[in-house]
Amino acid sequence: MIDIKIANSIHAATDTTRNVVSVDVHSRKKKISHDFKNKVAYSPLINAHDHLASNWSPRTGTRNTYINIHIWVEETKHSESYLERCKIWTNNGDFDLTTGNAKELVLLGMYKNIFSGVHIIHDHVKPQKPEYYGWFDIYVVPDFAYCKSISFLDLYNSISPEDEMKKSKGIVPFIIHLAEGVDNTSIQEFDILLQKDLLHRNTLIVHGIALERENLKKIAEAKASVCWCPGSNMSLYRKTLDVPTAIKEGVNITIGTDSTISGGGNLFDEIRHAKRTYPDIPTKLIYEMVTKNAETALLLYDNNLLDNRKNLLILDKKHDDVYENLLYQDVENIDLLIHQSKPIYGNLNYFEDFELQVDSYEIIKVGNKEKFIIGKPTQILQKINEILGYKKNFPYLPF
Ligand SMILES: [Zn+2]
C-alpha cells in the first residue's frame, strides 16, 4: 500500500481530511513523496464503446453528412483509409482477431485508451476467443451478448439477437448499435427492439441518435442504458443523442469514443465534445458518465476490478474545479495511471519509485516530459510501418 498525499482529490478512496490517496502498487516501496500541489486524483475512466481494430486514420466518409450508418459502412469498404488498414489485417468474414496481425491493431486501440486515462473498455466486436481478452494491460470486457445491427441482421450477425439476449441470462450486458442515423430506418429500430423483446435492464443501446422522448422514457423504465458517442455522431450525422431529454427521463447514460475511422477521438476528446454539444450538462455528470454510469451500463459488479485502492488516475491541475479540470486534459497531462495495482503509464519519476521492471515498459518522450508506458508500443508502430513501407501517423499516439 502506498500513500500519495494529494490536494483536491475526487478519487473515491481519498481521505478528504488528510488529502491522502492510498493505492496498492506491485512494489517494495511503501511511500512516495512528490509534490502533488498541482495534481488531482480521479478514478480511472471507462470507455463504454470502441472498436479496437478500427482505430485507423484518417476517418472515412466522403459526404458532409449521412442519414444512417449502413450507407457509411458500404462507402468505407472502398475507402483509401480502410484499404490501407486491410494491409495490416483483413477480416475474412469471421472477424477473428486472433489471426494475422490483428493483435498489433487492437493493441494500438488499447494505447489510444491508455493515453486518455482509460482502464476499462468495451470492444464492440463479435465475442473473441478467451486468449484475446488476456492480451491487454487494461480490462477489455470479456462477457457480453453482441448485436451489431438490428436492421441488417443477415449482414452482420451469425446468431439472432433474441438468442444472444437469451444467452446473456440478463447477467451480462446485451450491447447493440441502435438508431444510429436520422432516417426512417434508424427511427424504426427502437420499435423492432421492443417487438423482439430486447429491452431489458442489461440492454446497452449504442448511439440512439434517432431516439425520441417516448423511447427514452421506455429505456428509463426498463433501467436499460444508452452509450453516447458525440464525436463520431457529430462527424457523421451532425446530430447526436438528445441527452438533456434522456437525463430528464432518468436514463443511465455513459460515453464511448467509437473508433477513429468513424470520427471519434480519445476519451478526453469525447468529454470535450460532450460539453461542447450540451454546455448546460454539469461536467460532474459527464465524469459520472465515464465512471459509475459506465459500471452500471456494462454490469461491472466485480469489487476487485473496481477497487479504488488498486486503480488510480492522477492528472495535472489545469483548473480549480476538479470536474472542469477534465476538459483541459491530454496525453501529456497524465501524471500516473494505475490499473489493478500495476502502473501502466506515467511520469518517469514513478518508474524509479515503484522499481518497475525495464523489460515490461518503454520510455517515451511526450511533449517535454519523459514517461513510462507498459508494453512496447513503439515496436508495434515500427512493425506497422514496415508492413506499409512508410511511416504512418496516428493522432492518438504521442510518438
Ligand atoms: Zn460502434
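Assorted remarks:
- Here is the list for segment 311-399: GluC sites (Glu not before Pro) lying in DSSP coil, each with at most 14 other C-beta atoms within 10 angstrom of its C-beta, are GLU355.
- Cα long-axis angle, helix 184-195 against the chain (0 to 90 degrees, to the nearest 10): 90 degrees
- Near VAL21, the amide H atoms lying under 5 Å from its own belong to ILE4, LYS5, ILE6; only residues 5 or more places off or on other chains count, and H is placed 1.01 Å from N.
- Restricting the chymotrypsin sites (Phe, Trp or Tyr not before Pro) of segment 275-347 to loop positions (DSSP other than H, G, I, E, B) with no more than 13 neighbouring Cβ atoms within 10 Å leaves TYR301.
- 5 angstrom amide H check on PHE174, placed H, neighbours 5+ away: ALA145, THR203, LEU204
- Taking 0.36 nm per residue of separation and subtracting the Cα-Cα distance, full extension of the segment from ASN304 to ASP24 would add 99.6 nm.
- As a proxy for reagent exposure, ranking HIS124, HIS200, HIS34 by other Cβ atoms within 10 Å from fewest up yields HIS200, HIS34, HIS124.
- Backbone phi angles across segment 99-116, fed through the Karplus curve with coefficients 6.51, -1.76 and 1.60 (θ = phi - 60°), yield HN-Hα couplings of 9, x, 8, 4, 4, 4, 5, 5, 5, 4, x, 4, 5, 3, 6, 4, 6, 10 Hz in residue order; Gly and Pro are listed as x.
- 18 Å reach of a label modelled at ILE10, 7 Å along Cα-to-Cβ, counting backbone N of segment 242-274: 253-256, 267-274
- Qualifying trypsin sites (Lys or Arg not before Pro) in segment 183-278, DSSP loop, other Cβ atoms within 10 Å at most 16: LYS196, ARG201, LYS223, ARG238, LYS239
- Candidates ASN347, ASN311, ASN113, ranked by Gaussian network fluctuation over the chain, Cα under 10 Å, top entry: ASN347
- For the chain, the Kirkwood hydrodynamic radius comes to 21.5 Å, computed from all pairs of different C-alpha atoms.
FYI, it's all coordinate maths here, none of it is from the lab. Since the structure is predicted, the reported quantities are computational estimates derived from the model, not experimental observations. Note that each Cβ is placed from the backbone with ideal geometry, even for glycine, and that neighbours are counted across all protein chains shown.
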